[in-house]
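Beneath this line is the structure, given in structure tokens, with notes to follow.
The values are calculated or read from the model by the stated rules, or taken from the named source; none is laboratory data. This one's a predicted model, so the numbers in the text were calculated from it and none came from an experiment. We place every Cβ from the backbone using ideal geometry, glycine too, and count neighbours over all the protein chains shown. Heavy atoms of the whole protein, side chains included, go into the accessibility calculation; ligands, DNA and RNA do not. Shrake-Rupley method; radii C 1.70, N 1.55, O 1.52, S 1.80 Å.
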Amino acid sequence: MDTRRKALRPSNGAKAAPVFDAQAFLESEGVAKTVTKYGRGESVFTQGDVCEHVMYIQTGGIKLSVLSKTGREAVVAMLGPGDFFGEGCLAGQPFRMGSATAITPSTILLVDKAKMVGLLHKQHAMSDRFISHMLARNIRIEEDLIDQLFNSSEKRLARTLLLLARYGKQDKPARVVPKISQETLAEMVGTTRSRVNFFLNKFKKLGFIEYDDKLPLKVNSSLLSVVLHD
């Protein structure tokens, strides 16, 4: 789909306008906040917790998921440095609708919801940055839905790996995928762990990824050909 191709293509090299540095602003004096470190697999918040803060990822990675009444978990999003999450509290959400878990050692900046509302009203640059984040999140959700409806599990896995490696971001792609289990990848892609294992081995043989049990998974730009192939 054209929207996916645009989302995964790298920048064409044109110089972009200076971007508001949300992290520097949130770290500045006068902004009430708490910085908390989480280990891999540690819970940031759990479905049903009281909504009290908006979170900003300084380093690391976060998995957002929801749990059904039958106990089945669905992965909603995988986020990285520079992403906000937990913003539902700003819309009057009293309790967390899902859970957030660190997928790598992570440093999270927590801003009280009342303080965040004040910042968005008073600081236009901060408001613009936050709105851009929300729009990008909505676009990503639409692309994920299209991906689930129309693409094979092989293409969905390739796209997921590219997104986890932050391919096409303005900052240079990390290339290394955060340590993540095949079970979690299967939940994100909407397939079985055995299918994920089959396609990972296929991608490795074709040189699209570098992968073994002891080293982090590395994504090569050639993996994009799987997503763009009709």
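Things to note:
- For the stretch 118-129, taking the residues that are without any contact (Cβ under 8 Å) to a residue 60 or more places away in the chain and in contact with a helix residue (DSSP H, G or I) (Cβ under 9 Å, 6 or more places away or on another chain), the one that is most open to solvent (accessible area, probe 1.4 Å) is identified as 121.
- Restricting attention to the stretch 89-117, the residues that are open to solvent by less than 30 Å² (accessible area, probe 1.4 Å) and without any contact (Cβ under 8 Å) to a residue 40 or more places away in the chain add up to 1.
- Among the residues of the stretch 87-131, the ones that are of a type in the set (Lys, Arg) and more than 21 Å from residue 43 (Cα to Cα) come to 3 in all.
- Test: residue in the stretch 200-220 that is in contact (Cβ under 8 Å) with a residue 40 or more places away in the chain, under 30 Å from residue 24 (Cβ atoms), within 20 Å of the chain's Cα centre (by Cα) and open to solvent by less than 50 Å² (accessible area, probe 1.4 Å): yes
- Residue under evaluation residue 80, criteria (1) within 22 Å of residue 181 (Cβ to Cβ); (2) open to solvent by 50 Å² or more (accessible area, probe 1.4 Å); (3) not β-branched (Val, Ile, Thr), criterion not met: (2)
- Scanning the stretch 180-194 for residues that are hydroxyl-bearing (Ser, Thr, Tyr), under 24 Å from residue 105 (Cβ atoms) and assigned to a loop (DSSP other than H, G, I, E, B) returns a single hit, 181.
- Residue in the stretch 132-151 that is outside any helix (DSSP H, G or I) and of a type in the set (Gly, Ala, Ser) present: no
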